[in-house]
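Encoded as structure tokens, the structure appears first; notes follow it.
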Amino acid sequence: MNVEARPNPLKTQSVELGIADCDVHPNPASLEDEVFPFIEQKWRDYIATYGMVQRIGFAGGTQYPKGQPRASRRDSYPPEGGPPASSLSFFREQHLDAHNVDMAVMIPLRIGQALQNMDLAVAVCAAINEWQTEFWTSKEPRIKGSIVMAYENADACVQQIEKHAHKDDFVQISMLSRTPDPMGHRKYWPIYEAAAANGLPVGVHAFGYGGNPPTGGGYPSYYIEDMMAHAQSCQALITSMVYEGVFDRIPDLKLVIVEGGIAWLPSLMWRLDKIWEKNRLELSHVKRPPSEIIRQHVWLTSQPIEEPDNRQQLVEAIEWMGWDRVLYASDYPHWDFDDPKRALPVQLTKEQRDGFFRGNAYKAYGLS
Amino acid sequence: MAERQKHVVAKVSDFEGTDRKLVEVKGRPIVIFKKGDEWFGMLDRCPHQGGSLCSGSLISWVESSGPGDYRMSRKDEIVRCPWHGWEFDIRTGVACARPTKYRARPVGVSVVKSEETETVGNLELYDVSREGDLVVVEL
Ligand code: FES
């Protein structure tokens, strides 16, 4: 393979059918008006009195201020007011219609999964699932939800999965990548078993508050280092799940990694295979080469896609993992949004294009 | 290359209370920035993925000779794309991070008095009645 091949000039992509966007972030216009009605009065009083404390050492807000207000595109504020992506009509106009999106998977963030008060976390996550249905998926069939759960409480997660998995409104189970313990830990297995039993993938979005520093080497200085560390947490969680034998134990489990980058996956597979071959005493429960397991069970979403100066190198990286492994995602309305017309500015075959923008997603989510 | 023409795109008075305006010339979106008495124009498409620069913030030019040092100058002369934050010099269009590689496309902007529009020639009128001072784009 000639990795120095000249890049093709920038090309825009045309996809005849509507595209699947595997990561969008609608927000409540107001928690009080839209989400609190689904929460018992006791918890509303609790939130008013004690707040919602995350599993991080920072009061309120995120660990690192974002590069743009609300981490959003500056042009994504709805004309009628409210935070970005809080208006269905503007969401349709600026994103679904403008980009011919016929399936957009919403992944609510920063809304309860990692609250320190476990019972509050369970109550808020349950409310967010009701909110997704009430305000988004029931009003717009192009939008699909993700079942949000307080994943440190596997029993409560299984209840939420059983409650919602059969509905057309939801296409995946949602977790965040920075869990308190590595994701292959047995305490999470009931979640994976329930997801697999219901035919839904576990979609792991970057971020989350596990209480650990975002990088393997502690707390970095800059926000953008926090962003870079997503690739680390995603590699760690795939490694953990493969080596802990999760996929051997649950052969129908599907995993979609969201917003952690993509081009690192081939080298991770090479390394996992090499180590696995040499450490049979520790890893005899892992029956197949890790790369084979990953190619069968794991998908990655594209955004924020790597942008090497020679775009052809990205194509080669995708070839090394397999074109069927990557799902297009925009991350609308966030600031690092990828426009589908410009996300992969290289010449693609029809098969590659249709898979990347649509077909792979339908397979991953088990839709037809 | 097609010859450039001058196009009236706005009244100066349209810029009361704002430092920018999005206009269309020959089917192309153009953002106009006003800084004091100076006028700047750019194609309203970021060379990265096409974000609308008109929605970006105007910030200063930040320079550093190394870690721990920074200097700021040229207040409000750098536009930061509202999407991924690439920065461009509004005087030249040059990208701040990779000046030799990327460039937003600058267009010439000037102001003429309405009574002069007949004499400067080649002016197309874009929904602007010829009163007061007019903003003209050359494209
Ligand atoms: S589109 Fe402007 S920085 Fe990406």
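The values are calculated or read from the model by the stated rules, or taken from the named source; none is laboratory data. Just so you know, these numbers come straight off a predicted model, no measurement behind them. Cβ atoms come from the backbone with ideal geometry, glycine included; neighbour counts cover every protein chain shown. Note: areas computed on protein heavy atoms with side chains; ligands, DNA, RNA excluded. Shrake-Rupley method; radii C 1.70, N 1.55, O 1.52, S 1.80 Å.
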Open item on the list: Can you tally the net charge around A:Asp226? Count Lys and Arg as +1, Asp and Glu as -1, for every other residue whose Cβ sits under 13 Å from the Cβ of A:Asp226.
Closed with: -1
TODO: Show the residues, 5+ positions off or on another chain, whose built amide H is closer than 5 Å to the amide H of A:Trp299.
DONE: A:Leu255, A:Val256, A:Ile257
Task: With at most 13 neighbouring Cβ atoms within 10 Å, loop GluC sites (Glu not before Pro) (DSSP) excluded, longest segment of chain B - done: B:17-130
TODO: May I ask which of A:Lys139/A:Lys341; B:Lys11/B:Lys34; B:Lys35/B:Lys75; A:Lys350/B:Lys101; A:Lys341/B:Lys26 have a Cα-Cα span longer than 20 Å here?
DONE: A:Lys139/A:Lys341; A:Lys350/B:Lys101; A:Lys341/B:Lys26
Task: Positive-pole candidate from A:Pro308, A:Ala236, A:Pro79, dipole of segment A:23-364, charges at beta carbon - done: A:Ala236
Open item on the list: Using amide H atoms built in the peptide plane, which far-off residues or other-chain residues are under 5 Å from B:Glu77 H to H?
Closed with: B:Ile59, B:Trp61
- [ ] Taking the Cα centre of chain A as origin, sum charge times position over the Cβ atoms of Lys and Arg (+1) and Asp and Glu (-1), and report the length of that vector in debye to the nearest 20.
- [x] 640 debye
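How much accessible area is lost when chains B and A come together, counting both sides, with a 1.4 Å probe, in Å² rounded to the nearest 100?
The B and A chains share an interface burying roughly 1200 Å².
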Open item on the list: Could you work out how much longer the chain between B:Lys35 and B:Arg4 gets when fully extended? Use 0.36 nm per residue separation minus the Cα distance between them, nm to one decimal.
Closed with: 8.7 nm
Task: Gained length - A:Gln41 relative to A:Glu316, 0.36 nm times residue gap less alpha-carbon distance - done: 93.6 nm
- [ ] Taking 10 Å² as the minimum loss, tell me which residues in segment B:54-84 lose that much accessible area going from the chain by itself to the full protein complex (1.4 Å probe).
- [x] B:Ser55, B:Ser57, B:Arg80, B:Pro82, B:Trp83, B:His84
Open item on the list: Between A:Lys139 and A:Lys350, what's the calculated FRET efficiency when r is the beta-carbon distance and R0 is 30 Å? Round to 0.05.
Closed with: 0.35
Open item on the list: From the phi angles alone, apply the Karplus equation (6.51, -1.76, 1.60; θ = phi - 60°) to segment A:211-219 and give each ³J(HN,Hα) in whole Hz, x where the residue is Gly or Pro.
Closed with: x, 9, x, x, 10, x, x, x, 8
TODO: Express in whole angstrom the spacing between the alpha-carbon centres of segment B:1-68 and segment A:270-294.
DONE: 55 Å
- [ ] Tally the DSSP beta bridges in chain A and give the antiparallel ones as a percent, rounded to 5.
- [x] 10 percent
